[in-house]
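Remarks on the structure that follows.
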Amino acid sequence: MTPIISNRIEKTRAALAKNDLDGLMVSVQENRFYLSGFTGEDTQFDESAGVLIITPTRLVLATDSRYDLQAKSEAAGYEVVIYKKGLEQELPGIADSLGIRRMGFESARLSHKQYAAFAKALNTVSPPMELVPTENLIENLRKIKSDDEVARTVSALRLAEKAFVQVLDGLRPGLTEKQVAWSMEKAMREAGAQGLSFPVIVASGPNSALPHAIPTDRPLSTGEPILFDWGARLNEYCSDTTRTVVMGQPDDRFRKVFDTVVTARDKATAAIRAGASGMDVDRVARDYIHSSGFVDRFGHSLGHGTGLAVHESPRLSPIKDERLETGMIVTVEPGIYLPGWGGIRMENQVVVAEDGARVLNDPAPFDPILKI
């Protein structure tokens, strides 16, 4: 077991004691990896590669036979238990052997159906075991990134940025949004990406007014905004970037909207530092956009944390106030969306420092106007 994972387990055990728990069942995929190094992936919400069970003195990784060798190879320091009849049937025996009577579970991950099945099974032992819902016990640890986690994020970011440059070199009028999105995915995977942070967004013209547009068969045209939102997953960590470009000469509206968004992003970035309020940082960008004549045209939050998942705490949001701390990685992504015309969003990833924010993206100047 690495010293980093050992330290995370110590903090988890401290959280158990604070919450009067004698065991924690960890079923969120990212949290399993964070605490064990086990890379088994849940193929869909109602399927699982297993759970960690952490007590004050023991560490168990319970999984099925598909992951037997993988679990034993990756999860150093854990006892690997292979369940053959399913976790629901075998959990009581596992938990009883560990001396657990109050077991925490991650309420964000466990469905009501699974909870009911686990609770019923645990009532068969004597004395019955109690399932206790928990929230963000491990996610709160994940907020602060180590130097290694920042380095992994930067590596994912550089790979994604190089793929973007490659795709821009081949951008031509007439290509469809779907074709360009596939080119971006292909470029990232061929460069060695473990996967995508999320499905690539390529949205052109009026479609770019949809913040989370799905690529369509619409062909790209000159003079209109083309919004790219993409990210690579590398060494388990996610990048997340948005850029908006135009082929040929843009109209005056593009220039005004683009300059407003970039200035809002940079002003908000300058407001980020340890101790700052995420709500206040969001307000810096939002107020500037509103004062520039685009009232109610920036609807979503300014940013979010990234890490093992592409959306993590903290949030830079007008409705949730969170204090920023040194080592957090957040996106800064203001946008302006004009129905019938299009939208522009420009997003960077930054790491919070004591006296400011360090932008992780390539510092080279970005020119959104593409010559064709």
Next item on the list: List the number of the failed condition for V246; all other conditions in (1) within 27 Å of D321 (Cα to Cα); (2) assigned to a strand (DSSP E or B) hold.
Entry: (1)
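So that you can scan it fast, the table gives a plain yes or no per residue for (1) touching a residue at least 60 places away in the same chain (Cβ under 8 Å); (2) not in a helix (DSSP H, G or I):
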{"position": "I144", "(1), (2)": "yes, yes"}
{"position": "S155", "(1), (2)": "yes, no"}
{"position": "K162", "(1), (2)": "no, no"}
{"position": "V165", "(1), (2)": "no, no"}
{"position": "W182", "(1), (2)": "no, no"}
{"position": "A193", "(1), (2)": "no, yes"}
{"position": "V202", "(1), (2)": "no, yes"}
{"position": "P206", "(1), (2)": "yes, no"}
{"position": "H212", "(1), (2)": "no, yes"}
Note to self: For the list (1) farther than 25 Å from I4 by Cα; (2) at pLDDT 90 or above; (3) not in a helix (DSSP H, G or I), I need the number of the one condition that E47 fails.
What the structure shows: (2)
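Could you please give the count of residues in region 33-61 that are without any contact (Cβ under 8 Å) to a residue 24 or more places away in the chain and crowded, with 18+ Cβ neighbours inside 10 Å?
Within region 33-61, residues that are without any contact (Cβ under 8 Å) to a residue 24 or more places away in the chain and crowded, with 18+ Cβ neighbours inside 10 Å number 1.
Could you identify the single residue in A276, A270 that is surrounded by fewer than 15 Cβ atoms within 10 Å (Cβ to Cβ), modelled with pLDDT of 95 or more and hydrophobic (A, V, I, L, M, F, W, C)? Quick ask: steps written out before the conclusion?
Numbers: A276 fails: surrounded by fewer than 15 Cβ atoms within 10 Å (Cβ to Cβ).
Exactly one residue qualifies, and that residue is A270.
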Next item on the list: Please list, ordered by first then second residue, the pairs with beta carbon atoms under 8 Å, 6 or more apart or interchain, first in region 352-372 and among the polar types (S, T, N, Q), second surrounded by 16 or more Cβ atoms within 10 Å (Cβ to Cβ).
Entry: N361/L157; N361/E161; N361/T241; N361/N348; N361/Q349
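Does P133 satisfy the condition of being outside any helix (DSSP H, G or I), in contact with a helix residue (DSSP H, G or I) (Cβ under 9 Å, 6 or more places away or on another chain) and free of Cβ contacts under 8 Å to residues at least 12 places away in the same chain? Step through it out loud before you land on a result.
Details: outside any helix (DSSP H, G or I): yes; in contact with a helix residue (DSSP H, G or I) (Cβ under 9 Å, 6 or more places away or on another chain): yes; free of Cβ contacts under 8 Å to residues at least 12 places away in the same chain: no.
No: the conditions fail for P133.
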Next item on the list: Would you please list the contacts, defined by Cβ atoms under 9 Å and residues six or more apart or on different chains, that run from a residue in region 323-342 that is at pLDDT 95 or above and crowded, with 17+ Cβ neighbours inside 10 Å to a residue that is basic (K, R) and assigned to a strand (DSSP E or B)?
Entry: V330/R315; E333/R345; P334/R345; G335/R345; I336/R345; Y337/R345
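Which is closer than 29 Å to P250 by Cβ, small (G, A, S) and touching a helix residue (DSSP H, G or I) at 6+ places or on another chain (Cβ under 8 Å), of G307, G342? Walk me through how you get there before you give the answer.
Working: G307 fails: closer than 29 Å to P250 by Cβ.
After applying the criteria, what remains is G342.
If I filter region 74-96 for residues that are outside any loop (DSSP other than H, G, I, E, B), within 30 Å of V330 (Cα to Cα) and not polar (S, T, N, Q), do I get at least one hit?
Taking region 74-96 first, the residues outside any loop (DSSP other than H, G, I, E, B) are 74, 79-82, 87-96.
Keeping just the survivors that are within 30 Å of V330 (Cα to Cα) gives 74.
Restricting the remaining residues to those that are not polar (S, T, N, Q) gives 74.
Within region 74-96 (the criterion being outside any loop (DSSP other than H, G, I, E, B), within 30 Å of V330 (Cα to Cα) and not polar (S, T, N, Q)), the answer is yes, since at least one residue qualifies.
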Check: What do you reckon, is F118 part of a helix (DSSP H, G or I), buried (at least 17 other Cβ atoms within 10 Å of the Cβ), in contact with a helix residue (DSSP H, G or I) (Cβ under 8 Å, 6 or more places away or on another chain) and assigned by TED's automatic domain parsing to the domain that holds V351?
Finding: no
Notebook entry, point to check: Out of (1) basic (K, R); (2) within 30 Å of E41 (Cα to Cα); (3) without any contact (Cβ under 8 Å) to a residue 40 or more places away in the chain, what's the single condition that is false for R233?
Noted result: (3)
Margin query: I'd like the full set of residues that are basic (K, R) and more than 22 Å from the chain's Cα centre (by Cα), limited to region 12-44.
Written below: R13, K18
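The values are calculated or read from the model by the stated rules, or taken from the named source; none is laboratory data. All values derive from a computational prediction rather than experimental measurement. Here the Cβ is made from the backbone with ideal geometry for all residues, glycine too, and neighbour counts use every protein chain on show.
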